[in-house]
Each structure stands twice: as C-alpha cells, then as structure tokens.
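Rule-based calculations on the coordinates, nothing more; no lab input. Because the structure is a prediction, the values reported are computed rather than measured. Heads up, the Cβs are rebuilt from the backbone with ideal geometry, glycines too, and the neighbour counts pull from every protein chain shown.
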Amino acid sequence: MSASHDASRRRFLKVLGSATGALIVGLQLPARADTPDELLGDVVSRLNPYVRIEPDGTIVIGARDPETGQGIRTAEARIIAEEMDADWPRVRVFPMALGVEDAGNGEPRWTLGHQEARGSTGVPAAWNDLRVVGASARELLVRAAAQRLGVDARSLHTELGKVIAPDGRILGYGELAGDASALPPPNLAPAVKSPDAFRLIGQDAGDVDARDIVTGRQLHAIDQMPGSALVAVIARCPYPGGTLGKLDASAARALKGVEQILIIPKPDASVPIGTRPLATGVAVLADDTWTALRARDLLQIEWKPGALVQSDDALAATLDARFEQAPTTQVRNDGDYDHARKLAHRAVQARYRIATVAHAELEPPNCIAELDADRALIVAPLQNPRGALDVVQTLTGLRPSQIEIRLPRSGGGMGRTLDNDHVAEAVMLAKAAKKPVKLIWTRSDAFANDAYRPFAVHDLVAGLDRKNRITAWRQRIASTSRLAGRGEPRERWWLSEAHPDDPPAGLIENFQLDWFALDSNLPRGNWRAGSHGVNAFAVQVFLDEIAVATKQDPLQLRLNLLGEPLQLPYRGHGGPVLDTGRLAWVLKLAADAIGWTRKRNDGHGLGLAFHFTYGGYVAHALEVSMEGDKLVMHRCVVAADLGRVINPLGARASLVGATLDGLSTALGLRITLKDGRVAQQGFKDYPLATMAQLPRDVQVILVPSNEAPTGAYEMGLPGAAPALANAVFIATTVRVRSLPILPELMRLL
Amino acid sequence: MPRLPQTDPGITPEPIRTGIDVAINGENFRHTGDPSMPLLWYLRDVLRLTGCKYGCEDATCGACSVLLDGKLARACELPMEKLQGHRITTVEGLANAKGDLHPLQQAWIDEDAILCGYCQPGMLIAAADLLARKSDPSDDDIDGIKNLCRCGSYPRVRAAIHNAAAGMKGARK
C-alpha cells in the first residue's frame, strides 16, 4: 500500500467518522503497523485497520481489546465478520497492538478506539463502532465487484465471502480484495445491517483461539522470550511501605548465569499506585528463569517494615467508634431516614463483613521490555494498555509513536493488570540493565505484593410498617477505598465503594447511604466487578434477613420491593437507566428454574439474589445442603438480561465462570496479615475451589433482547455469594454475615 | 608395521557430554545444565515447550501438568536429575505426529472449554491421565482432578471429558 494511498484513506476515515458522529479515533489508520506483517501471512490488501483479505479469500480480522478470557476477540471478530458477510470458517483473528500515534507535545492520539479490559466495556464499545468497520469493508468489495462486472453496485448483494450479481455471476472476496483496497473510499459511512439480517450475531461461536490453546501453542506474554533478553525476578519488600535494610548479594552474584543485580528503589508514595512499582526490591537478572530464581534465594536481605499495616480484624475493631462519627461522604439521602425509622413499626439491623482478597489470576504478572534509544516494545498481560503506554513514556521520555505495546492473551486479569506496576518494574530494569528484560513474578510474589480487593463492613438498618413494607433504609459502608493512593482526593474515594442508584435506592422513600473511609497501608485495587462484587452480598443477604424476621417469602419480598416496572435514573457505569421490570423478570426466571415454590423436605436450602451490574440484569438461584460437615452445592441457575447477546456460547461461559469464581471466592478466600505482612504465600493457603467443591452444572437463562449489548463478563459475579449465603441459611438455619462463608459457617455450626 | 605419519588434524575431539537423557513427546533430549532444574523450566526456557504453564511453585495449581511415563505429574516439582531415562508427554505431544488432535483436545474445542485458556493445557493432561486410568469416568472421578481454574471453566471441562470418553469408547468398538 503506497504512502499516498495510506494518506487518502486516513482522510476518508476521518470524514467517515465525523459523518457518523461515532468514535472517530476508532477509524483512523495507525501511523505504525499494528502487528508485524510477517505474522499475517500472504497479505494482498488491507481494507481498513482491522480487515485484510488474502488471495485465497481468508479474511484476517484484528481484534483490538485485550483478551483476558472474556471472549472479546471472538465477539469483535463476529461483529466485523457479520457486517462484511464473511464466511466465518475462513476468518482468522489476530490481536492488535495498542493503536497510538503522536498528537504533538508528547501527547498520544488513540487510533483504534476502545482498547482495555475493564468493567465489561469491550462489547458495548465494539457494538457502537466496529459494525461500521465491517460494513465499510463490505462496501469497498461491492464497489470493486461492480467495476469488474460493469454493473451498478446497488444491484449486487453479498453472502458468505462472495459478491453475487443478479445474473448469477459470483466474485470471491479474495479476488476482489486487491481492487477494493485501491478504490477511493466512500464519503459517507455505509449503513449497517438490520438485526433481522444477522447470521452470526446471536449465534454460538467457539473461542477463536481454542485450537492454539488446546495444542499449547497459544503464546501468553509469559510464554514469549526475545532471544537476547535476561530473565528478571525481584525480591520485593513484603512489608507495605517498607524499605531495604541490609543486602548481601555476593552469593547470588557468584552463581553462573547471573548477569546483574539491581535495586528497585522505594517507590514514591505520591505517585499513584498502578503506575509505579508496588514495593522496593532487589532484582536478579539472569540468563534463564531457574538461574534467576536460585540466585534470588541466595540474596541475604533485611527488610525494614514501614508504617503499621492494619489487619481486617484491627479495622473491624474500630468500626463502632467510626460509625459514631460523621460519614466521609453522604452518598445518597432521600426523604428522612431518622424520622421514618422512629415511626417504623419494627426494625431489622445487621452488619456484614467482607474480607480482603487477592487477585490470584493464573498467569502471574510478567512483562517483556525491550528499549532502544528511539523505540520501546512491551509485551505483557495488560488490561489497561493506555496506562502502560503512559508508564513507558514517563520512564523513557519516548514519544507515543515510538512505543509498541502488544496485547497477548492474558491468563486471567481479574482487575490485577488494570495496574501497570509490572510494566514500570520491567522498564526500569531494562533501562538500567541496557538489555531487554523479561520480568516474571512468582506465585508467592503475587500474593505478597498485590493491590488487594478492599476490606469492607456494611451496616444496614431497615424500618418496616405494620404491613411489613420497608419504609426506611440506612446502609453505612466502611471500606478501604480502591481510590486511596491513586492520586484521587479523599472526597472522591467513595466513588469506587458505593453506588448511589443501586437498588433498593429509588424504591424506598426514606433512604440513606453513607460511606466511611477506613485507612490502611495495604495497597488496594480493582477486582472483578469492583465494589458490585461485594456490595450485592450485604444488600441481598439483608433482604433475606428482613424476609425471615417478618415471615415473608424472600422471592415475594424482592418482587414487592421492585414493584411495578419503573425506569429509574442510574448514574455511573451501566446507566443512564435501570429498569426494575427487567430485574424482576430475571429474578422470576431464576426462581422458577430452581423450583422455588416446590415443597422440599430433603434438608436442601434454596437461595436467591439479584444485582444490576454495568447495565446487566442478573439473578442467581442456588440449592445447597450440608452432607456431614461438607457444604454441597447441588444446582445453580443464572438468569441474565444483557441486552442483545453477540455470542451466546461466550456469554454463557462468562456467566458460569463468574458465578463459579464468585462462589469459589465466597467459600474460603481471604488475605490475612501476620507480623505486618501478608500471610498467604500460595494456593495451599489461598484455596481456590476445585471442581469437587462447586456445582457440577450451572444453568444459564439468557433473556432475548433487542437492547444494546452490555457485555457479559463481570455480571455473573456479584449475586453468587449472597445466593450462597441465603441458601446456606435455609439449609442450616445458620446466618453467615461475612465473607468468606466457610470459616464462619464452621464456627457457627 | 609401518607407522602412519603423525599429523595434527587441528580438531580436538569433543568429549561426549554427560547429561540427563529424557524423552519428551517421543524425541530424545540430553539436559547438560543444572541437574536440580525443574522440568518446568527445562520445558519452558530450554525447549520452549510453553504449553506447560507456570502457575505456582508448590504443585498445587496443575498448570504445569505433564505425563511422566504416562502418569500425571507436576513439572514444577520434578527436578531433571530424577528424570534420567523417563518419558514425558506435554500438551504439545497430545496430538499425533500428523497433527490430528487427541479426542480430548477436540472435545475441549467442541465444548468451548476455554475462558482465559491458561489452565487448559494442564487440564487436558490431567484429563488424559484420568482417561488412561478410567475409560468411562463418573462425575466423582472427574471431581478427582484438582487442577485450578480461576475463570470457572469446570462445567465445560467436565462435559468435554465425558464427550471425549464417549467418543473414544465408540472408536474402540
């Protein structure tokens, strides 16, 4: 493709973008190749940044968002292939690098639109701007065919990778691609398909990387190794905020294959977490991983603890006093809670406690950094590649266009790699070593230095009238904010902790939601579904407690509370509207499927929960029993209304997966402190649930919908834990008010 | 007997390097490095067989599962010095030489048992070990697989094992 052609296409894409008013940046050509062309086979043409067609008709589609297991590569390729009328078996999908060019003054301009794995936002963004990418590629192919055949383009139609003329003549996309790529681009954005013409969207598609994964050929970042790179491992200070005391590296240095020993200085606490190393450390750079690990074991290090780090127990002990004080932020205040509480016929009160947990994604943090005077290459598990670019820029002084950030498939992200501390470490080491570096975290490293899911306590009070209607509701949340230490002022810290419009807000006349800051030196960070992942536990268990206290059916109480379908305003991710009717509907579906009304005398207990997460309406129903001292989960149902579903097979995987992850975490996972440092060092003392502990099957009910898609990845998580706790209560009459559930259940039984 | 003229050929014969002989996916290799190096790092760093994943260092997660003489083992706790003369199969060795997938691999694709994919090579090896011991495993047998998946792929892994077992049974008939 010639430079002038490239330039004209860029102009077209800008015109096209402004005409649609859609994400303009998503349609601009990147200034640099997105992926080395040799990776793409015999490419004859590029129709736009995302689509190339090979002579044999193979359509090569770029997927822009980082894949962490949410199925985004498949979903994005299906959206583009749908609008192109591609023949799916002949589609190949490759991961794109971060699309960036220079905007001047060192500022980046993003050229590919949405490129992050955060809050299930990939599919909604793809729906908004990748359909037109596919449609524009199709339009070029049709116009090329019209020229070739000497007919009016409007007389042609497309099907399964072919353009078909009214007289029956057929041209394959492979034959047309060269001509199509040379055509002057259209001035207006082509129309996208009407949903009733969809052939791929709404149909099941297996993960595009499946074959590579089952054959062991899928290269995660940790599987890649530039020939000249040194492997780095870091002995990090295990005490949050601690410092390096004494170091004797002589034995490590003497080991054959050890190249360098470098110090990562104590990070500046005023620099936001996620953009700098989490801890000071001593790095060993060696020829291979095993040598680096052995050498690290030979380091003689004395660490000095930093300021005191508060355990969950220590924080919990301060709460009675803390709740006596004014809240840090009054998040919502409808009506007059105090007055309504006084008038109430009766009240229910309970306090819930949520443990600190770690990310424990299976691929531990790692990062390859290759630096030259005028170039940087980063290969790492990344959920937030733009943030990674910023880190590289800050540390190297390079311009955005000089930095290539590749996005290999991550072995889970779970929010851990929204932070780029691993990138900062690797770049610092590569810079100091003057050699490419492949940094690896071990499992124990990952437990010892994480940005953990915050500890939280929810204190809830409900006032009820004589008819057992909830007339007053006060929820006080005390937590160690995820935003602490991230450059945000204290008055904004509540934003990651409390959601002002989460039900039952808007459904109870006198409603008060307060947030209380707890201070902790333990780094805190994003963890699946953010605070939705735990706030649902408090609310949904409390609703059951109200039902029990007032002898109401927990399903009926929830349906009464949700009432007639209402469109409530919803600020924040997932808004602008929450439809209570959709929430009630998924709840009914889940309850029906689990057999809620069926009488049972087998000692089994059923539990329900619902939650609105990032625009998705999800309800869980769970059936459990105690077999001796073993908690057995017999059945699980997840009913979800996620708008239009791009790939039901992928959405089911996401919903089941998040549900099981939610159950696994709720069962037994917690981070504790011992002697000022994290006690857990491996999976032996942080036992992710195995197959035997989880339900053998999870039934998924997807509500058909023509609403815009919400994505599916995180929505299955929040309701799982409360459904479990509610089912456990019915089965055992033991009310567990803390996460994780098992230790507390065993204590109370 | 006439003596041959003594000339210096300019070549110093290379002594046969001593090492640890191990057969991996049917090919013979000799490890001449540190005998205490775990198989995990030999596979990943030396042979670049990166289907054997690093997930932990205490044999808990199962991401590095391999078959040692046909039986399930964790590569992270197998030092090379214990492997002299042994046979190792990794996920790369499950398909046959022609590249035809193992029935388990095909079942994994058919059931879309993927999610992030990081644990799946180890899961496949654990399943291959199970099917070698029990050709028609029950759900309880499958529950014996202790490999960890953080993404929650277990139900699809279970379905894939049942599918593969049924297919292999049919093929034997």
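Screening chain A for DSSP H helices whose Cα atoms reach 24 Å or more along their own axis and whose mean Kyte hydropathy is at least -1.0 gives A:3-20, A:131-149, A:532-549, A:648-668.
Taking one quarter of the surface of the C-alpha convex hull of the range A:550-749 gives a mean projected area of 13.3 nm². Label separation (A:ASP152 vs A:LYS342): 7.9 nm, computed from points 7 Å beyond Cα along the C-beta direction. Length available on full extension from A:ALA307 to A:GLN330: 0.36 nm per residue minus the Cα-Cα distance, which gives 5.3 nm.
Model label sites at B:ASN96 and B:GLU27, defined 7 Å from Cα along the beta-carbon direction, differ in position by 2.0 nm.
Using 0.36 nm per residue and subtracting the Cα-Cα separation, the extra length available between B:SER36 and B:THR18 on full extension is 5.0 nm. In terms of other Cβ atoms within 10 Å, A:ARG652, A:ARG169, A:ARG735 run from fewest to most in the order A:ARG169, A:ARG735, A:ARG652. Each peptide in A:209-215, A:120-126 was scored by the mean count of other Cβ atoms within 10 Å over its residues; highest first, the order is A:120-126, A:209-215. A convex hull fitted to the Cα coordinates of the range A:568-629 yields 87 cubic angstrom per residue.
On the beta carbon distance between A:ILE263 and B:LYS82, with R0 = 45 Å, the FRET formula returns roughly 0.80. Taking the Cβ-Cβ separation of A:HIS604 and A:LEU748 as r and a Förster radius of 22 Å, what is the calculated FRET efficiency to the nearest 0.05? Efficiency, from the Cβ-Cβ distance: 0.70.
Hydrodynamic analysis of the range B:103-172 uses the Kirkwood radius over alpha carbon pairs. Inserted into Stokes-Einstein at 37 °C and 0.692 mPa s, it gives a translational diffusion coefficient of 278 µm²/s. Each Cα pair under 8 Å and six or more residues apart adds its sequence gap; the mean of these over the residue count of chain B is a relative contact order of 21 percent.
Spin-label pair A:ASP248-A:LEU298: with each label point 7 Å from Cα along the Cα-Cβ axis, the two points sit 1.4 nm from one another. The angle between the Cα long axis of helix B:120-133 and the longest principal axis of the Cα atoms of chain B comes to about 80 degrees, rounded to the nearest 10. Legend: ranking of residues A:TYR50, A:TYR617 from fewest to most surrounding C-beta atoms inside 10 Å; resulting order A:TYR50, A:TYR617. Just so you know, the averaged projected area of the alpha carbon convex hull for the range A:67-198 sits at 10.1 nm². Against the main long axis of the alpha-carbon atoms of chain B, helix B:154-172 sits at an angle near 80°. Rg/Rh for the range A:170-228 stands at 1.16; both radii use Cα atoms, and Rh follows the Kirkwood definition. Measuring r between the beta carbons of A:ASP374 and A:ASP685 and using R0 = 45 Å, the FRET efficiency lands at 0.45. Computed from the C-alpha gyration tensor, the three semi-axes of the ellipsoid equivalent to the range B:20-93 are 16, 13, 11 Å, from longest to shortest.
Each Cα pair under 8 Å and six or more residues apart adds its separation to the average, and for chain A the resulting relative contact order is 13 percent. DSSP beta bridges fully contained in chain A are about 75 percent antiparallel.
Contact order for the range B:20-93, expressed relative to its length and based on alpha carbon pairs under 8 Å spaced 6+ residues apart, stands at 42 percent. If you take the alpha carbon atoms of the protein assembly as shown and fit the smallest convex hull around them, that volume is 221 Å³ per residue.
Among A:ARG138, A:ARG492, a tally of other beta-carbon atoms within 10 Å of each Cβ gives an order, fewest to most, of A:ARG492, A:ARG138.
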